[in-house]
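Peer 1: Next up is a structure, given as structure tokens.
The values are calculated or read from the model by the stated rules, or taken from the named source; none is laboratory data. Remember, it's a predicted structure, so these values are computed and weren't measured experimentally. Note: ideal-geometry Cβ built from the backbone for every residue, glycine included; neighbour counts use all protein chains shown. SASA here: full protein model, heavy atoms, side chains in, ligands and nucleic acids out. Shrake-Rupley method; radii C 1.70, N 1.55, O 1.52, S 1.80 Å.
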Amino acid sequence: MGKKKLARLDSLPDALRAGAEPGSFDLAGMDRAATPGIKDVATAADLRALLGDELADLQERLFAEGRTDGTRSVLLVIQGLDTAGKGGIVRHVAGMVDPQGLAIRSFGVPTPEEREHDFLWRIRKALPPAGRIGVFDRSHYEDVLVARVKNLVAPEVWEARYDEIVAFERELVASGTTIVKVALMVSHDEQHDRLAARLERPDKQWKYNPSDVDTRLLWDDYQEAYQAVLDRTSIPEAPWYVVPADSKDYARLAVTKLLLDALRTLDLGWPTVDYDVEVEKARLAATR
């Protein structure tokens with residue numbers, strides 16, 4: 001392991017980025033067991049660990065900036081069908097940094113109060129404050145995925161939401177939030193095996209929901225809905241990264257790299273203090 005193998009990961013974001021032109025990314029033809037950027041998936045966990053120190057350092061710099069009148073933040077959006085590994089990303093990627101610098105939210109079925117508002121209302125309330133890395137385990141995209149597939153709203157309603165989401169995300173970026181959008185794509189067979197494994201293990205049965213089978217019966221509809229999301233909302237300011245998720249270790253490595261690159265682009269330093277360091281050293285020494 002070393003610098004050479006880490007350097008190979010530099011090609012990973014380009015390999016995973018959805019095309020800028022509608023229809024330029026073919027979700028149906030994607031190999032969900034692929035591991036772009038690495039040759040041996042067995043090395044993925046070790047490579048991710050090697051990125052951990054820099055990720056934690058940059059997250060601390062961002063947090064310090066936010067505590068000293070900084071205005072920037074990062075938002076990691078994680079989407080994927082059941083068993084795609086969203087929870088594992090939260091634990092194993094976000095888990096590598098100081099939790100006080102995180103703002104993690106998961107969006108399920110809207111509450112009665114949330115239904116009284118525009119679909120972005122609850123999202124705006126959950127945005128990360130300055131200095132934080134926000135993590136959305138599911139997000140506003142549920143309103144053009146689940147809402148579309150399950151006919152929860154009229155077609156003209158979910159159709160209008162693509163443009164609303166694009167405008168919303170451009171507004172966020174303009175205000176200082178860097179957005180990293182990740183679509184975890186697990187194969188039909190792998191999803192079956194993961195669900196079956198949950199049923200076999202008492203310690204995992206609580207994660208199984210009978211509705212998961214209902215969702216599998218709508219697999220093609222969900223794939224069509226995800227393709228529309230990639231076509232309509234992958235913009236230069238906030239592109240989609242489509243991550244093959246049949247290998248959990250690879251998916252976690254890929255998201256770590258994407259998040260690390262986002263932090264690197266901020267060119268984070270340490271805040272300048274408003275006191276005389278030498279004077280304070282002398283004052284502190286006098287208290288011995």
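Peer 1: Quick one: angle between helix 155-174 and the longest Cα principal axis of the chain, in degrees between 0 and 90, rounded to 10, please.
Peer 2: 10
Peer 1: Calculate for the chain the 222 nm mean residue ellipticity that helices alone would give, adding -39,500 (n - 2.57) per DSSP H run of length 4 or more and normalising by residue count, nearest 500 deg cm²/dmol.
Peer 2: Using -39500 (n - 2.57) per qualifying helix, the result is -14000 deg cm²/dmol.
Peer 1: In degrees between 0 and 90, to the nearest 10, how far off the longest principal axis of the chain does helix 44-67 point, with axes built from Cα atoms?
Peer 2: 60
Peer 1: Over the Cα atoms of the chain, what Rg and Dmax result, in angstrom?
Peer 2: According to the Cα coordinates of the chain, Rg and Dmax are 20.6, 73 Å.
Peer 1: Report P(r) for segment 114-230: all Cα-Cα distances, bin width 5 Å, range 0 to the bin holding the largest distance, values in whole percent.
Peer 2: P(r) over segment 114-230, rounded to whole percents: 2, 9, 17, 19, 17, 15, 12, 7, 2, 0.
Peer 1: Kindly express, to the nearest 10 degrees and within the range 0 to 90, the angle between helix 188-200's C-alpha long axis and the longest C-alpha principal axis of the chain.
Peer 2: 80
Peer 1: How many angstrom lie between the C-alpha centres of segment 50-126 and segment 134-153?
Peer 2: 17
Peer 1: Taking segment 170-268, which trypsin sites (Lys or Arg not before Pro) meet the DSSP loop condition and have no more than 12 other C-beta atoms within 10 Å?
Peer 2: Filter output for segment 170-268: empty list.
Peer 1: Here's a follow-up. Check which residues have an amide H placed less than 5 Å from Val186's amide H, if you skip close sequence neighbours.
Peer 2: Excluding prolines and chain starts, which carry no amide H, the hits are Leu81, Ala245.
Peer 1: Among all the lysines, which ones have a C-alpha under 30 Å from Lys39's C-alpha, if same-chain residues fewer than 8 places away are not counted?
Peer 2: Lys3, Lys4, Lys5, Lys86, Lys181, Lys248, Lys257
Peer 1: For the chain, what is the charge dipole size about the Cα centre, in debye to the nearest 20, if Lys and Arg each add +1 at the Cβ and Asp and Glu each add -1 at the Cβ?
Peer 2: Here the size comes out at about 920 debye.
Peer 1: Right, here's the next one. Given 10 Å bins starting at zero, what is the percent of C-alpha pairs of segment 161-288 in each, up to the one with the largest pair distance?
Peer 2: Percent of pairs per bin, in order: 10, 25, 25, 18, 10, 8, 5, 0.
Peer 1: Quick one: accessible area per residue over the chain, 1.4 Å probe, rounded to a whole number of Å²?
Peer 2: Ligands and nucleic acids excluded, the result is 51 Å² per residue.
Peer 1: Using only alpha carbon pairs under 8 Å that are at least six residues apart, calculate the relative contact order of segment 183-288 and give it in whole percent.
Peer 2: Relative contact order comes out at 34 percent.
Peer 1: Tell me, what % of the accessible area of segment 129-195 is carbon and sulfur with a 1.4 angstrom probe?
Peer 2: Answer for segment 129-195: carbon and sulfur cover 50 percent of the accessible area.
Peer 1: Okay, moving on. Determine the relative contact order of the chain: mean sequence separation of Cα pairs under 8 Å and six or more apart, normalised by residue count, in whole percent.
Peer 2: Value for the chain: 33 percent.
Peer 1: Right, here's the next one. If you average over every viewing direction, what projected area does the convex hull of the Cα atoms of segment 7-141 give, in nm²?
Peer 2: Convex hull of Cα atoms, orientation-averaged projection: 10.6 nm².
Peer 1: Apply the Karplus parameterisation 6.51 cos²θ - 1.76 cosθ + 1.60, with θ equal to phi minus 60°, to every residue of segment 228-244 and state each ³J(HN,Hα) to the nearest whole Hz, in sequence, with x for glycine and proline.
Peer 2: For segment 228-244, the Karplus-derived couplings read 5, 4, 5, 5, 9, 10, 8, 10, x, 6, 8, x, 8, 10, 9, 9, x Hz, x marking Gly and Pro.
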